[in-house]
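Input: a single structure, listed below in structure tokens.
The values are calculated or read from the model by the stated rules, or taken from the named source; none is laboratory data. Being a predicted model, the structure only gives us computed values, none of them experimental. Quick reminder, even Gly has a Cβ in these numbers, built from the backbone with ideal geometry, and neighbours come from all protein chains shown. Please note that ligands, DNA and RNA were not included when accessible areas were found on the heavy atoms of the full protein model with its side chains. Shrake-Rupley method; radii C 1.70, N 1.55, O 1.52, S 1.80 Å.
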Amino acid sequence: MPVDILVGTQWGDEGKGKLIDVLTRDTDMVVRFQGGNNAGHTVEIGSEKYVLHLVPSGIFRPGIPCIIGNGLVVDPISLMEEMQDLVKRGIDISAIELSDKCHLIFQSHKEADTMKEAAAEEGKKIGTTKRGIGPAYADKAYRTGIRGIELKNLAVLKELFCEQTEKYNKMFCEAGIEALDIDTEWARVQEAAEYLAPFVKDTVVSVNKAIKAGKNVLCEGAQGMLLDIDHGTYPFVTSSNTTTGGACTGAGIAPKHVSKVWGVMKAYTTRVGEGPFPTELLNEFGESLRKAGNEFGATTGRPRRCGWFDAVASNYSCMVNGVDNLAITKLDVLDNLTELCICTAYEVDGETVTDMPTDAETLNKVKPIYETMPGWQSSTAEVKSWADLPENARNYLDRIAELVEANIAIVSVGPKRAQTFMA
Ligand code: IMP
């Protein structure tokens, strides 16, 4: 069975871009299946650093088809700019395919996203990326969305675009917000549509033909399990299924083809945006972790909230995703610590629980119960094998694997391709 799925197991930013790039050594096709340009997947090759938002992270292996699947919401202007930027940097983008069933994001969705966030009272803001993700998925669910296929038919696209923008303009006027100039917006969309049209395909057919031919297909998740619209910390989540089930619907792959699930997991925990975060470190140490790990959003530049490894949330995540193999990232960020904490349970109203509570209110008040482990206080950045890791680092990783009930297969100790080894 040739399909592997790679997902983030925390609140995103686990280092999926790098892992996809590493795993594509043995892959024939990479497929993004959900989300949009809210994602920021960083890949460092030699002295070059790339941040991808919509283009799959397989793009740096020449000739590998890179599919932007039906489950995505795609801002055509942003995708065009990302592709043009890659071309300028000498990357071949001819293997990109854009699904004719993906949904399109326009300026009105971005304005609506910003408007909703601004109007929300304190405690109810989600802290979205303001990329229009939620409103575009809402249009999809309302059946008023505009799909990728329309990029190939400018007359129809224009009609649908004007109708949709007028609907949003009405809403903006009612809210006292300046309406969008439809002609100006259309001119930008038209340019992007003309650029993207040759890449639009029924990608479900491409993916299934590859599977039938026995090719290795790797599905690239964006965000992380705890941001999943069904399984995450609702309502402080994104608007798509970031979990493995989302790969089947978002790429058009039958579950019977899936062979392996890769879970990418940071050696500690981070979160961007609002919402519960039981192990968050709201102190100087949290600040120093942010500095050491350079924890600033690849898409918005926002500082990420940092905390200890949360085995309760991560175990839940591995269960829902059916993780076979874990890739642990950013182990090197913990190199200097004398002692590390792992959250093994939560205390809720005097009771100890090891199952993840469902509601944000409870999650906000849980008290993490920690187990401490000695640090290794030596650099792991040059380590090339499991055996060469300091003993305390191996013990820390072994304990994580035991708690989340999954097998550690890859360890990443820095941003470069070479700073990765099989465990
Ligand atoms: P949206 O996806 O822009 O609607 O944002 C919803 C929530 O998901 C916010 O808390 C964002 O910070 C978070 N989010 C969205 N995309 C990412 C990502 O790629 N990494 C980390 N957090 C993300």
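Under a 10 Å cutoff between Cα atoms, tell me which one of Ala179, Ala120, Ala313 has the largest fluctuation in the Gaussian network model of the chain.
Residue with maximal mean-square fluctuation among Ala179, Ala120, Ala313: Ala120.
Leaving out ligands and nucleic acids, note down the accessible area per residue over the range 1-51 with a 1.4 angstrom probe, in whole Å².
27 Å²
Applying 1/(1 + (r/R0)^6) with R0 = 51 Å to the Cβ-Cβ distance of Ser259 and Cys173, what FRET efficiency is obtained, to the nearest 0.05?
Once rounded, the FRET efficiency stands at 0.45.
Please list 260-266, 325-331, 212-218 highest first by mean number of surrounding beta-carbon atoms within 10 Å per residue.
In descending order of packing, they fall as 260-266, 325-331, 212-218.
Sequence gap at least 6, Cα distance under 8 Å: using those rules, report the relative contact order of the range 272-423 to the nearest whole percent.
It rounds to 26 percent for the range 272-423.
If the reach is capped at under 12 angstrom between alpha carbons, list the aspartates and glutamates near Lys170, excluding any in the same chain fewer than eight residues apart.
Hits, sequence-local ones excluded: Glu178.
Please check: in the Gaussian network model of the chain (C-alpha springs, under 10 Å), which one of Phe106, Phe236, Phe285 has the largest mean-square fluctuation.
Greatest mean-square fluctuation among the candidates belongs to Phe285.
Express the accessible area of the range 265-422 per residue in Å², computed with a 1.4 Å probe while the remaining protein chains stay in the model.
Using a 1.4 Å probe on heavy atoms only, each residue of the range 265-422 averages 44 Å².
Express the relative contact order of the chain as a whole percentage, based on alpha carbon pairs under 8 Å and six or more residues apart in sequence.
In percent, rounded to a whole number, it is 20.
I'd like to check one number: the per residue accessible area of the range 70-131, probe 1.4 Å, reported in Å² as a whole number.
42 Å²
Describe numerically, in nm with one decimal, the distance between label points set 7 Å from Cα along Cα→Cβ at Thr354 and at Asn283.
For Thr354 paired with Asn283, the spin-label model returns 2.7 nm.
Would you please state which residues of the range 327-344 a label at Ala387 would reach in this model, taking the label point 7 Å out along Cα→Cβ and a backbone N cut-off of under 20 Å?
Hits in the range 327-344 for Ala387 at 20 Å: none.
Set the bar at 24 Å for Cα to Cα. Now go through Lys116/Lys291; Lys124/Lys365; Lys16/Lys367; Lys116/Lys367; Lys125/Lys266 and name every pair that lies beyond it.
On the way: Lys116/Lys291 31 Å; Lys124/Lys365 16 Å; Lys16/Lys367 29 Å; Lys116/Lys367 31 Å; Lys125/Lys266 26 Å.
Over 24 Å Cα-Cα: Lys116/Lys291; Lys16/Lys367; Lys116/Lys367; Lys125/Lys266.
Carbon-plus-sulfur fraction of the accessible area of the chain, 1.4 Å probe, in percent?
C and S fraction of accessible area: 50 percent.
Determine the relative contact order of the range 103-196: mean sequence separation of Cα pairs under 8 Å and six or more apart, normalised by residue count, in whole percent.
29 percent
Per-residue counts of other Cβ atoms within 10 Å, averaged by peptide: what ranking do you get for 152-161, 75-84, 30-39, highest first?
Working: 152-161: 15.6, 75-84: 20.8, 30-39: 29.4.
Those peptides, ordered most packed to least, come out 30-39, 75-84, 152-161.
Kyte-Doolittle mean at least -1.0 and Cα extent at least 24 Å along the axis: which DSSP H helices of the chain qualify?
Taking the DSSP H segments of the chain (at least 24 Å long, mean hydropathy at least -1.0), we get 154-174.
Specify which residue in the list Thr299, Val31, Thr9 is farthest towards the positive end of the charge dipole of the chain, using unit charges on the beta carbon of Lys, Arg (+1) and Asp, Glu (-1), about the Cα centre.
Value: Val31.
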